[in-house]
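Asks: Got a structure for you, questions after.
The values are calculated or read from the model by the stated rules, or taken from the named source; none is laboratory data. Everything numeric here is computed off the predicted structure, so don't read it as measured data. Note: ideal-geometry Cβ built from the backbone for every residue, glycine included; neighbour counts use all protein chains shown. Only protein heavy atoms, including side chains, enter the accessible area calculation; ligands, DNA and RNA are left aside. Shrake-Rupley method; radii C 1.70, N 1.55, O 1.52, S 1.80 Å.
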Amino acid sequence: MIKLPAFEPAQYLIMAVDDVPANLKVLQQVLAAVGYRTTFATRGQQVLDRLTDIKPDLILLDLMMPEMSGIDVCAQLKQNLTTAQIPIIFLTASHEIEQLTQAFECGAVDYVTKPFNAVELLARIRTHLELSQLRKQAQFQAQWEAISRQIVQDIHGSIHLQDMLNNTVRAIQQLLTARRVMVYRACDPQGCRLLALSGDSPVSELCAHGLGCPYLEHNPGAVPPFAEQQVCLLEAAPLPPPGEATSCWTNQPQELRLPIYQQAQLWGGLVVQNDPCARPWVQQEVETLTLIVQQLEISIQHAELHQRLSTANQELERISNTDGLTQIANRRCFDRQLTKEWQRLQREKQPLALVLCDIDYFKLFNDTYGHPSGDTCLVAVAQALKRCLKRPADLVARYGGEEFVVLLPNTELAGAIEVVEQMQGAIAALAIADAPTHRLTLSFGIYAAVPQQSTEATTALVLADQALYAAKQVGRNQYMISPECQG
């Protein structure tokens, strides 16, 4: 429910318009007697000119004037957006229905006949000033509620925490026309970190390593000057007592500080700052911000839950695509990537290379040094092979046992041979701690071609495997090229 403040005539400016100076003198005496501020005009054009500089709260307008009638003046004022909402009361000596009808049709709210009764005139002026104030407050209330609802909708419209916080501080700054709006995250009992900011940056408070924010436990009302200030997450700052003047001798900004909780624990805070000499915060603004913070708490909980689920899903995806021992891609990951690249390169008519490799005499290594050492060997080989790949799309995977497979998209045979030779050098330089005298070697089978519609990716793997088998047959520690390769 909208409640008007106590009626104070001194808060209102009345413009009186009449081409007879004696009438204006009487009006000035009546209006000044109760405290209204007044301004005057004697011609219609003078009214239009003066309203470019001042905006009265109500106009008393003579109906019949030379050059431009009161009806013509009223019609022009109602066509101008900046003056259309000013209430106009006509002053008239006429009782003709036609002229009064024209007055109301062009936008007048009332009329008073001359000679007027002072009590009646003052009552009508007050009535229309209060009605105008009620309309303004109703419009403001509707706009405020609409913007507040939109802020709440926007808060719930995003599942990404940073986007949500950025949108919220921007919307609150616009809603309150504040100098600065910030959201902080409490890091520990002695500090906090800025998460979102709308407005000019408080240079003294921003730093790359977060913010120190000691709580003002002993004297929460004492805030240091702005240049040294560190915003603290406290309960909402109390409103100043009614009628108390705002102090402007200090550059300390006006603040509303509301804590943000998660599961009964302090999560952070919302801080709204205004210039030191700005109007004091009103109760409606505090209540609206409290509502917004409550909705923000719900959305933060949802956003953080979504983030945890997303992180967990990403970790599950990583685990499902990673070989548990060697921490390189597993066969499942390789098979999916091979299918994807095979289809892409088939469309683009670009080459693809496959390399299958196997640790020579690995069974003998295991039998000699034991399975734990064998695992150490597999990890070392896998990481050495991985370090030889330089492009993001290249992939090495554990194919099974001591066998590895390398996928090289957009790579011709010469490029595949170059990679294999780098891998041979990397393996030759490996030293296994548990087997310092053992010389590790690998055998390689290479296949390279432009994928064709008539050939399946699995066929290419078979051909690379056959080349690997040939390398083992002729003595190991070497590579063989599939005869099906295209140069």
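Asks: Which condition number in (1) closer than 22 Å to Leu122 by Cα; (2) part of a helix (DSSP H, G or I) is the one that Thr39 fails?
Replies: (2)
Asks: Taking the conditions exactly as written (open to solvent by less than 30 Å² (accessible area, probe 1.4 Å), of a type in the set (Gly, Ala, Ser) and under 21 Å from His128 (Cα atoms)), does Ala16 satisfy them or not?
Replies: So Ala16 fits the description; yes.
Asks: Which one of these is touching a Lys or Arg at 6+ places or on another chain (Cβ under 7 Å) and part of a helix (DSSP H, G or I): Ala380, Ala426?
Replies: Only one candidate qualifies: Ala426.
Asks: Do you know which residues across region 462-479 are in contact (Cβ under 8 Å) with a residue 40 or more places away in the chain and surrounded by fewer than 19 Cβ atoms within 10 Å (Cβ to Cβ)?
Replies: Residues satisfying the conditions are Lys472, Arg476, Asn477.
Asks: Take Val286 and decide whether it is surrounded by 12 or more Cβ atoms within 10 Å (Cβ to Cβ), free of Cβ contacts under 8 Å to residues at least 40 places away in the same chain, among the hydrophobic types (A, V, I, L, M, F, W, C) and in a helix (DSSP H, G or I).
Replies: No: the conditions fail for Val286.
Yes or no, residue by residue, for (1) open to solvent by 80 Å² or more (accessible area, probe 1.4 Å); (2) at pLDDT 95 or above; (3) under 22 Å from Ala380 (Cα atoms):
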{"site": "Thr411", "(1), (2), (3)": "no, yes, no"}
{"site": "Ala416", "(1), (2), (3)": "no, yes, yes"}
{"site": "Ala431", "(1), (2), (3)": "yes, no, yes"}
{"site": "Ala435", "(1), (2), (3)": "no, no, yes"}
{"site": "Arg439", "(1), (2), (3)": "yes, no, yes"}
{"site": "Leu442", "(1), (2), (3)": "no, yes, yes"}
{"site": "Gln453", "(1), (2), (3)": "yes, no, no"}
{"site": "Ala457", "(1), (2), (3)": "no, no, no"}
{"site": "Ile481", "(1), (2), (3)": "no, yes, no"}
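Asks: Next up: Does at least one position in region 367-390 carry a residue that is under 19 Å from Glu341 (Cα atoms), modelled with pLDDT under 95 and either over 44 Å from the mean Cα position of the chain (by Cα) or surrounded by fewer than 18 Cβ atoms within 10 Å (Cβ to Cβ) (or both)?
Replies: Within region 367-390 (the criterion being under 19 Å from Glu341 (Cα atoms), modelled with pLDDT under 95 and either over 44 Å from the mean Cα position of the chain (by Cα) or surrounded by fewer than 18 Cβ atoms within 10 Å (Cβ to Cβ) (or both)), the answer is yes, since at least one residue qualifies.
Asks: Another question, then. If you take the residues in region 42-60 that are in a helix (DSSP H, G or I) and open to solvent by 60 Å² or more (accessible area, probe 1.4 Å), which one is nearest to His128 (Cα to Cα)?
Replies: Per the stated criteria, the residue is Arg50.
Asks: Identify the residue in region 123-161 that is loosely packed, with under 12 Cβ neighbours inside 10 Å and farther than 30 Å from Ile88 by Cβ and, among all such residues, is nearest to the chain's Cα centre (by Cα).
Replies: Only one residue tops the list, namely Gln153.
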